[in-house]
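Down below is the structure, laid out as structure tokens.
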Amino acid sequence: MNKIMHAPAPSATLDVDILRSVSAIAEVGSIAAAASRVGRTPAAVSMQIKKLEEMLGRTLFNRSRQGMTPTAEGERLLIYARQMLDLNRAAMQAFTMPELAGEVSVGLIDSFGGVRLTKVLSAFARSHPKVTVNVSIAETVDLAPALDRGELDVILFTMGGSEAKRPSDFVMAEEQLVWIAKDGGQAQRQRPLPIAVSGEGCPWRKLTTEAIEADGMDFRIAYVAGFDHAQFAAVEADLAIAPMPKSYVRHGVVALGPRDGLPTLGKTQVAMRLGDRAGSAVRALASDISASYGVMLDL
């Protein structure tokens, strides 16, 4: 239960820099990693959060050895924080960046779709109404070659597998992979273990098969789909279990691991890569994409 320390003064205001730190901690789960993202020391970020909690009279994060997660009050604040950060960024761009025009072709992995993609494109359209954005959703194995051929200007992809990190890549997020299964389902008890994965070259597939083979578990690839939502459908239908980031857990599915007799999976990283001839419009969109992850890039 969150302790109310005192009511904030009527004249108190929320500092954008502190909200940026709050958003970063929620994304990466620790003060040290968040400090690296926002360009401050861990001590400075820790002090920011302490002062904010004192000002609001609320505990914003649960703290444990596994990291930091937002409390219910923290989640409530994050809604406003992200809106304010988006608005601040749009206002700054409106007055500091020249008016941009042209086209940007962006390639994205499926996991960036939905709410996050909608927010980024909506904010970008408000800031740069004369720029046309062409979006392609594909697997990493297809995105990287398309960028190299000049068919795309910027890509957001899953690092690993058949696609190695390049010096110019920007890491947006890192998250633990877990086994996602239907809540109360039977697929995880079957042997050989039925798993749903993406195509060859997918980093999640590589991590999964390596972990299972090292564990000596009998398995079979029961479902292959290039997009997350299709793999999720197989899980919800109890046809298979699938390796996915922990944040994918939602109503109707559960995260499984060693306690359930399944091998530990590695971590997945989402990275961004710009083409060799990225112009101002491309860099502006790339900046908005990185900001949606709480990463501030000087592009």
**Report entry** Rounded accessible area of TYR248 (nearest 10 Å², 1.4 Å probe)
**Finding:** 40
**Report entry** Filter on LYS119/LYS246; LYS119/LYS206; LYS130/LYS246; LYS206/LYS246 - keep pairs with C-alpha separation over 29 Å
**Finding:** LYS119/LYS206; LYS130/LYS246
Query raised in the report: Taking the Cα centre of the chain as origin and charging only Cβ (+1 Lys, Arg; -1 Asp, Glu), how large is the dipole, in debye to the nearest 20?
Result: 840
Query raised in the report: Once the dipole of the chain is set up with Lys and Arg at +1 and Asp and Glu at -1 on Cβ about the Cα centre, which of ASN62, VAL253, SER287 lies farthest towards its positive end?
Result: ASN62
Query raised in the report: For the chain, which DSSP H helices look membrane-span-like by this rule: Cα extent along the axis of 24 Å or more and mean Kyte-Doolittle of at least -0.5?
Result: 72-96
Query raised in the report: Which of LEU56, LEU78, LEU108 moves the most in a Gaussian network model of the chain with Cα springs under 10 Å?
Result: LEU56
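Taking a cut-off of 24 Å, what percent of all Cα-Cα pairs in the chain are separated by more than that?
When every Cα pair of the chain is considered, 58 percent fall beyond 24 Å.
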Query raised in the report: Out of residues 5 or more away from GLU151 or on other chains, whose amide H comes under 5 Å of its own, with H placed 1.01 Å from N in the peptide plane?
Result: none
Query raised in the report: Protein chains only, probe 1.4 Å: how do ASP148, ASP110 rank by accessible area, largest first?
Result: ASP148, ASP110
Query raised in the report: Where is the GNM fluctuation largest for the chain (alpha-carbon springs, 10 angstrom cutoff): ALA286, ALA278, ALA26?
Result: ALA278
Query - Rg [Å, one decimal], Dmax [Å, integer] - region 205-299, C-alpha atoms - result: 17.8, 51
Query raised in the report: Roughly what % antiparallel, to the nearest 5, for the DSSP beta bridges in region 138-270?
Result: 70
Query raised in the report: If you average the sequence gap of Cα pairs under 8 Å that are 6 or more apart and divide by the length of region 71-194, what percent do you get for the contact order?
Result: 24
Report summary line: Square roots of five times the C-alpha gyration tensor eigenvalues of region 91-224, ordered largest first and given in whole Å, equal 37, 17, 13
Report summary line: DSSP beta bridges in the chain: the antiparallel percent, rounded to 5, is 60
Query raised in the report: Just how much of LYS51 is accessible, in Å², when a 1.4 Å probe is used and the result is rounded to the nearest 10?
Result: 120
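Would you list LEU121, LEU177 from the most to the least accessible area, probe 1.4 Å?
The ranking, largest first, comes out as LEU121, LEU177.
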**Report entry** Shape of region 49-147, Cα gyration tensor, a/c cut at 1.5
**Finding:** oblate
Query raised in the report: Can you put GLU213, GLU73 in order of accessible area, largest first, using a 1.4 Å probe?
Result: GLU213, GLU73
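The values are calculated or read from the model by the stated rules, or taken from the named source; none is laboratory data. Model, not experiment: these values are computed from the prediction. Positions of Cβ are backbone-derived with ideal geometry, glycine not excepted, and every protein chain shown enters the neighbour counts. Side chains are part of the model used for accessible areas, which takes the heavy atoms of the whole protein and leaves out ligands, DNA and RNA. Shrake-Rupley method; radii C 1.70, N 1.55, O 1.52, S 1.80 Å.
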